2 protein chains.
Amino acid sequence: MPRIRNKELRKFEKSLPIALLRAREATTRLFKPFIENHDLTMPQWRVLRALAEADALDAKTLAERCVILPPSLTRIFRSLTLRGLIAQVECNDARRHMVRLTDNGRALFEEVVQESEPSYLQLADAFGADRLDTLLDLLNDLRNTVQTMGDTDDQAPPLRKVAGGR
Amino acid sequence: MPRIRNKELRKFEKSLPIALLRAREATTRLFKPFIENHDLTMPQWRVLRALAEADALDAKTLAERCVILPPSLTRIFRSLTLRGLIAQVECNDARRHMVRLTDNGRALFEEVVQESEPSYLQLADAFGADRLDTLLDLLNDLRNTVQTMGDTDDQAPPLRKVAGGR
DNA sequence: TATTGTTATACTCTATAACTATA
DNA sequence: TATAGTTATAGAGTATAACAATA
């Protein structure tokens, strides 16, 4: 059983959220210029990226996959639609807002990918491809672990609506 | 030489920033309630946490360590000072704004740590303490790698002021 | 002249509640 | 009645430029 000592635990406890934040900040700083050069925000880019790998997606799926709240997604839909990068597609369930990339949207996506590829290659070389794989696995597992915890155990306060009137 | 195939690379390329975002989102969701229960925002909490591990720090160091921009930090200083959680300390260099935790600030910090400890323990048990160590190492190395890249190579667009008038 | 921090300002994201439409 | 999404709204973070004070 991997029972850890209180002292070590405390050290990790405090640094995990920060380590994630700082790693993300550095990664973002590296790639954001390529995205902003095309007048896209990071959340908008996540939506394009998610759509590039799936034919069409509804708002709920996109919100979960891209970590974007529904109200933000509504605005992003409006903005990307105005720019002709995405388009709504018909759906059996009329409640669902399903969208796909337009040809222009896909072209823009490919352009950004191509322009940022040298930086990706450079990072992969410098960091090590195998370690990157390991890191990705751990990140995804961490997320799954936390979500499982939320389902089963509830000694923690409720995950929503805690701050009250702020 | 760890030269990776284009296809695999592409797969990773697109998912690293998202994996970091989602892992952070999950971790935040787990611990945020404990912080918000004491009417603290996450950036405010990072400042308290950084100060808890160092006697006193100046704004520049805190900004870098907590990933907070100077203007935000100014507001956070004001807010935490008003609440009596931090206090300014004298400094040789009169330009520097150095702060430390007050007794109340330290007490609040300890309270939050204590309240969230069960969740930390649960996560460490579920995920594995050794894997958490590995993850932390990789995250910190990733950040260092990216920063080193920024120093040496500059085929990428400048890291600041790219979006122009937006 | 360079550095530190604050102010001013604009924009976006975050978050929740309330509402509409569909199932 | 439950679900999907939009609207409204408040608040906080993000980002930059311009300025003040100190070194």
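The values are calculated or read from the model by the stated rules, or taken from the named source; none is laboratory data. Computed from a predicted structure; not experimentally measured. In this analysis, Cβ positions are derived from the backbone assuming ideal geometry, glycine residues included, and neighbour counts consider all displayed protein chains. The area values use the complete protein model at the heavy-atom level, side chains included, leaving out ligands, DNA and RNA. Shrake-Rupley method; radii C 1.70, N 1.55, O 1.52, S 1.80 Å.
Points worth noting:
- Being surrounded by 13 or more Cβ atoms within 10 Å (Cβ to Cβ) and part of a strand (DSSP E or B) is a description that does not apply to B:VAL113.
- Any chance B:LEU121 is within 14 Å of chain A (Cβ to nearest Cβ) and hydrophobic (A, V, I, L, M, F, W, C): yes
- In the range B:60-88, the residues that are at positive phi reach residues that are part of a helix (DSSP H, G or I) with C-beta atoms within less than 7 angstrom, at least six apart or across chains, in these pairs: B:VAL67/A:LEU21; B:VAL67/A:ARG22; B:VAL67/A:GLU25; B:GLY84/B:ASN104.
- Scan the range B:57-72 for residues that are open to solvent by 30 Å² or more (accessible area, probe 1.4 Å) and either more than 13 Å from DNA strand D (Cβ to nearest atom) or within 13 Å of A:LEU21 (Cβ to Cβ) (or both) and the total you get is 4.
- Residues that are near DNA strand C (Cβ under 10 Å from one of its atoms) and over 9 Å from the mean Cα position of the chain (by Cα), drawn from the range B:43-72: B:LEU57, B:ASP58, B:ALA59, B:LYS60, B:THR61, B:LEU62, B:ALA63, B:LEU69, B:PRO70, B:PRO71, B:SER72
- Just one of the listed residues (A:ARG100, A:ARG106) is open to solvent by 80 Å² or more (accessible area, probe 1.4 Å), within 30 Å of A:ARG143 (Cα to Cα) and outside any helix (DSSP H, G or I), and it is A:ARG100.
- Residue in the range B:45-65 that is closer than 23 Å to B:GLU25 by Cβ, within 14 Å of chain A (Cβ to nearest Cβ) and outside any helix (DSSP H, G or I) present: no
- Some residue of the range B:139-149 being away from DNA strand D (no atom under 16 Å from the Cβ) and over 20 Å from the mean Cα position of the chain (by Cα): yes
- When the range B:28-44 is filtered for residues that are open to solvent by 30 Å² or more (accessible area, probe 1.4 Å), within 7 Å of another protein chain (Cβ to nearest Cβ) and more than 9 Å from DNA strand D (Cβ to nearest atom), the ones remaining, listed by number, are B:ARG29, B:GLU36, B:ASN37.
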